[in-house]
Amino acid sequence: MVTGGIGWVVAVNLIIWTGLFLYMLRLGKRLREMEKEK
Amino acid sequence: MKNLLAWLLWLWISAVIVGAFYYAPLAMGFLGESSRILFFHVPMAWASFLGFIAAAVWSIRYLRSRNPAHDRAAAAAIELGLLFGVLATVTGAVWARIMWGAYWNWDPRQTSILISLLFYGAYLALRGAIDDQDTRGRLSAAYAILGIVVTPFLFWIVPRITYSLHPEPVINAEGKIEMESRMQHVLYASGLGFAALFFWMHDLACRVAALRERKPAP
Amino acid sequence: MWTPASTWAAEALAVFVKEWRCEFRTRYALNTLGLFAFTTLVVVSVNLGPLGVSTAQGTAVLPVLLWLILLFSVAAGLPRTFVQEEESQTAVALRLAATPSALFCGKLLYSLTLVFALAALVTPVFAAMMNLTVESPGLLAGALAAGGYGLAAGSTLVAAIIAQARSKGTLFAVLSFPVLLPLLLLAVEVTRNAVLGDAAGVALPQLLLYDASVTIAGLMLFPAVWNP
């Protein structure tokens, strides 16, 4: 029970973290494009 | 190159997340698995304070240079400090509910972080109340520096004169660290990860603000 | 070689005298502070008096109430010293006439005399109305002096900041409370010790350290705040 429960928490954490990470990468890319066209 | 660093950070924090639950042992005196929240709650508080320090540094640089980019950097640091501060307060409240039965106990540490949130809010309120860019930069820089002078009293001096429910701080009264080494590994790794995350977010925030002003970033 | 017409000390003193001269013309700060303190005092004692605050409750609660009265009175009446300059547009003349540090010290001295007068008036009346016995009056005087100083110094600097912004009244409260809260926590602690007759403990030197820190910060930051 314990490992099952913990496993879920770890998985959710990783998913949220990866989502945040991808968002920040995309934001950075979009900023770079906007800065270039200035 | 930046992408490589970003992916490294992703790996680092993923390792921290896994390590927090599988590698680090449970802390003594904590209920069940709840001590794991430490590896996120504490680094978030550190990141919040890092924001305050960064804002003070950028504020000093602004007062010297009067470069609006420095002012934008200070404001961005405060905003991030507020974000991490709120996260730290919320994770702390969740943990407090588990450990002590109530979300809020007016524990000196809880009070201190609440007051620091008031600081961030006050700084942003001040910025909102000034229209002229130069005056805004000048006055908010002064306030940020005043804030950093006062916060050590909030975080280190006042909590130690009154009884606290909080566990001993990481560096206890003798200056020694009494945490299991594996817990220390994860905690410091997490701290580094959150610090890197702060600087990355700060960089993005500054660039967004610069584009809004249609001026070059620092 | 151009030399200033007056010494630094003369400038600070001149500012101080000017503040009190203006104050006696309108008696704004005296009235505001006095009225506010008196009203709060009456409200507190009317509500707590008949209940009969026990000694144990008294030592816990009364020091806090005293400092709250002082804090709110200061917040009500003190910021005017800078706001008035901006509103009556005498600030420009002041910027030309005095060096920033002398100006800051003059205003600080004025704020100090105001706060000390307030504390000297409020505390005995408060103690009498609340039947509070103070074991170490000397330490209490020290707490009021050190705490009052911090209150005045912090408020003076914040007042200078908000004088150049909009919505000055609320902004002063919002900006000053985070700055002053550590001071209050420490001052309450020392006051509590004075009431109980304990030794000063670790809070008093920290209170003095706060005072020193805010003074230095004020002296260093005021020129940037004052001059564009």
Give me the orientation-averaged projected area of the Cα convex hull of the protein assembly as shown, in nm², one decimal.
28.0
Quick tally, 1.4 Å probe accessible area for B:132, C:211, sorted with the most first, runs B:132, C:211
Pairing the Cα long axis of helix B:2-18 with the longest principal axis of chain B, what angle in degrees results, from 0 to 90 and rounded to the nearest 10?
30
Suppose every K and R has +1 on its Cβ and every D and E has -1 on its Cβ; what is the size of the dipole of the protein assembly as shown about the Cα centre, in Debye to the nearest 20?
1400
Relative contact order of chain B: what whole-number percent is it, with Cα pairs under 8 angstrom and at least 6 residues apart?
30
Could you compute the net charge surrounding residue C:11? Neighbours are other residues with a C-beta less than 12 Å from the C-beta of residue C:11; K and R count +1, D and E count -1.
+2
Extension gain, residue B:27 back to residue B:2 (0.36 nm per residue minus Cα-Cα distance, nm)
5.3 nm
What length, rounded to one decimal in nm, is gained on full extension from residue C:14 through to residue C:87, with 0.36 nm per residue of separation minus their alpha-carbon distance?
24.2 nm
Would you be so kind as to identify which of C:188, C:199, A:10 lies farthest towards the positive end of the dipole of the protein assembly as shown, taking Lys and Arg as +1 and Asp and Glu as -1 on Cβ and the Cα centre as origin?
A:10
Given the options B:40, B:84, B:153, state which has the largest fluctuation in a GNM of chain B using a 10 Å cut-off (strictly under) for Cα springs.
B:153
For the modelled label position 7 Å from the Cα of residue C:30 along Cα-to-Cβ, which residues of the range C:93-120 have backbone nitrogen atoms closer than 18 Å?
C:109-120
Using a Gaussian network model on chain B with a 10 Å cutoff between Cα atoms, which of B:204, B:192, B:87 fluctuates the most?
B:204
Heavy atoms of the protein only, probe of 1.4 Å, neighbouring chains included. What is the accessible area of residue B:134 in Å², nearest 10?
90
Looking at chain C as a GNM with Cα springs under 10 Å, which of C:188, C:214, C:46 has the largest mean-square fluctuation?
C:46
Can you give me the relative contact order of the range C:81-198 as a percent, contacts being Cα pairs under 8 Å and 6 or more apart?
38
Given only helices, namely DSSP H runs of n ≥ 4 each adding -39500 (n - 2.57), what is the per-residue ellipticity at 222 nm of chain C, to the nearest 500 deg cm²/dmol?
-28500 deg cm²/dmol
Mind checking the angle between helix B:133-152 and chain B's longest principal axis? C-alpha axes, 0 to 90 degrees, to the nearest 10.
30
So for the pair residue C:125, residue B:133, with labels modelled 7 Å out along Cα→Cβ, what separation do we get in nm?
5.1
Treating the angle as unsigned and between 0 and 90°, give the value, to the nearest 10°, between the Cα long axis of helix C:168-196 and the longest Cα principal axis of chain C.
40
What total accessible surface area, summed over both chains, is buried at the interface between chains A and B, computed with a 1.4 Å probe and given in Å² to the nearest 100?
2000
Per residue, how many Å² of accessible area does the protein assembly as shown show with a 1.4 Å probe?
47
To the nearest 10 square angstrom, what accessible area does residue B:23 show with a 1.4 Å probe?
100
Among C:35, C:228, C:106, the residue whose Cα sits farthest towards the positive end of the charge dipole of chain C (+1 at Cβ of Lys and Arg, -1 at Cβ of Asp and Glu, taken about the Cα centre) is C:228
Sorted by accessible area with a 1.4 angstrom probe, largest first, how do C:18, A:38 fall?
A:38, C:18
Setting aside same-chain residues fewer than 8 positions from residue C:18, which aspartates and glutamates have a Cα under 20 Å from its Cα?
C:85, C:86, C:87
So, R0 is 41 Å and r is the distance between the beta-carbons of residue B:182 and residue B:208; what FRET efficiency does that work out to, to 0.05?
0.60
Probe 1.4 Å - accessible area at residue A:18, Å² to nearest ten
40
How large are Rg and Dmax for chain C when only the alpha carbon atoms are used, in Å?
18.5, 71
Enter the buried accessible area of the C/B pair, total of both sides, probe 1.4 Å, in Å² rounded to the nearest 100.
2500
Over chain B, the sum of -39500 (n - 2.57) across DSSP H runs of at least four, divided by residue number and rounded to 500 deg cm²/dmol, gives at 222 nm -25000 deg cm²/dmol
Charged-residue dipole, Cβ positions (Lys, Arg, Asp, Glu), chain B about Cα centre, Debye nearest 20:
620
Keeping all protein chains in place and using 1.4 angstrom, which order do B:120, C:149 fall into by accessible surface area, from largest down?
C:149, B:120
Mean separation of Cα contacts under 8 Å (at least 6 apart) over the residue count of the range B:1-76, i.e. the relative contact order in percent, is 18
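The values are calculated or read from the model by the stated rules, or taken from the named source; none is laboratory data. Just so it is clear, the structure is predicted and the values come from calculations on it, not from any experiment. Cβ: placed from backbone, ideal geometry, glycine included. Neighbour counts: every protein chain shown. Side chains are part of the model used for accessible areas, which takes the heavy atoms of the whole protein and leaves out ligands, DNA and RNA. Shrake-Rupley method; radii C 1.70, N 1.55, O 1.52, S 1.80 Å.
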